[in-house]
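All remarks here apply to the structure that follows.
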Amino acid sequence: MSMPLAYFDTHWHKIVFIIREEHSGDESAIHEVTIDAFRHAEHSSGTEATIVQELRQSTALEVSLVATLDGVIRGHVAFSRITINGHYIGWYGLGPLSVHHMLHRQGIGQSLVKEGLQRLCSLGAAGCVVLGDPAFYKRFGFRNDEELRLVGVPPTHFMVLSLNNNPIPCGTVAYHEAFSTN
Ligand SMILES: CC(C)(COP(=O)(O)OP(=O)(O)OC[C@H]1O[C@@H](n2cnc3c(N)ncnc32)[C@H](O)[C@@H]1OP(=O)(O)O)[C@@H](O)C(=O)NCCC(=O)NCCS
């Protein structure tokens, strides 16, 4: 059984949650929390829960963390390998990221991202990209970069973060084929 990565106590709300790695038996709870989070999201493809399943089935969930409250999974984040100009060079994509809609704005999403990025660093990752709201992701150091692109998305919402002092490469990003699910 994996050990918790971290405990968090948001004092003002008196909730305590644990971030830990996904383990066997978590699959359906992760599915449910992903559906719940994106059902209430402003922008959703409706395929996020399927993407997580397909990443798992393809053994492409390189980092998969859950946030639990009282032993119940209430948040999840996935990281998978990306390619740049067709090659894997140590870069990863963050997402989907999900927090149960009743528990937003209590620090769970930020904690999942921070722990996930630390985990990537310890795996020796060269960097991470994300497609999402800059207002949320820039706090972790993600920024726009003209040289590293994802085709077909608003450039303002596609962000990059170098890890372990690696340079940001030039090129075109491709996520795992699970993200092409319709
Ligand atoms: C985005 C999401 C994961 C954030 O999780 P959370 O636990 O509510 O976030 P936290 O409590 O850790 O962070 C709250 C901070 O993020 C900001 N924030 C939260 N959701 C945001 C969003 N969608 N856009 C911009 N900022 C957001 C809050 O304003 C708050 O900022 P502050 O600390 O400056 O006050 C959650 O809202 C969610 O599951 N949304 C639906 C799914 C989704 O959109 N996933 C991300 C896709 S890229």
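Within the stretch 77-97, residues that are closer than 11 Å to V130 by Cβ reach partners that are open to solvent by 40 Å² or more (accessible area, probe 1.4 Å) and not in a strand (DSSP E or B) with beta carbons closer than 6 Å, at six or more positions or on different chains, in the pairs F79/E62; I82/Y175; G93/Y175. For L97, the conditions (1) open to solvent by less than 10 Å² (accessible area, probe 1.4 Å); (2) within 10 Å of the chain's Cα centre (by Cα) are fulfilled apart from (1). Once the stretch 164-182 is narrowed to residues that are within 15 Å of the chain's Cα centre (by Cα) and assigned to a loop (DSSP other than H, G, I, E, B), the residue that is nearest to G93 (Cα to Cα) is Y175. Number of residues in the stretch 128-142 that are touching a strand residue (DSSP E or B) at 6+ places or on another chain (Cβ under 6 Å) and at negative phi equals 6. Taking only pairs six or more apart or across chains, which ones have beta-carbon atoms under 6 Å, a first residue in the stretch 33-50 that is under 14 Å from L103 (Cβ atoms) and within 7 Å of the ligand (Cβ to nearest atom), and a second residue that is open to solvent by 60 Å² or more (accessible area, probe 1.4 Å) and of a type outside the set (G, A, S)? Listed by first residue and then by second, the contacts come to H40/H101. Counting only residues that are away from the ligand (no atom under 14 Å from the Cβ) and not hydrophobic (A, V, I, L, M, F, W, C), the stretch 108-142 holds 6 of them.
Of all residue pairs spaced 6 or more apart or on separate chains, those with beta-carbon atoms under 7 Å, a first member in the stretch 151-167 that is touching a residue at least 24 places away in the same chain (Cβ under 8 Å) and a second member that is of a type in the set (A, V, I, L, M) and in a loop (DSSP other than H, G, I, E, B) are F158/L150; V160/I168; S162/I168; L163/A125; L163/A126; N164/A125; N164/A126; N166/A126.
Return the residue satisfying two criteria in turn: it lies in the stretch 100-123 and is under 15 Å from the mean Cα position of the chain (by Cα) and of a type in the set (G, A, S), and of such residues it is modelled with the lowest pLDDT. The qualifying residue modelled with the lowest pLDDT is G107. Output the residue which, of all residues in the stretch 41-78 that are assigned to a helix (DSSP H, G or I) and not charged (D, E, K, R), is nearest to the chain's Cα centre (by Cα). Across the stretch 41-78, the extreme among qualifying residues is V52.
Here H76 clears all of (1) within 25 Å of I15 (Cβ to Cβ); (2) out of contact with any helix residue (DSSP H, G or I) (no Cβ under 7 Å at 6 or more places or on another chain); (3) within 13 Å of the ligand (Cβ to nearest atom) except the condition numbered (2).
The values are calculated or read from the model by the stated rules, or taken from the named source; none is laboratory data. If you're wondering where the values come from, they're calculated on a predicted model, not measured in any experiment. Cβ: placed from backbone, ideal geometry, glycine included. Neighbour counts: every protein chain shown. These accessible areas exclude ligands, DNA and RNA; they are computed on the full protein's heavy atoms, side chains included. Shrake-Rupley method; radii C 1.70, N 1.55, O 1.52, S 1.80 Å.
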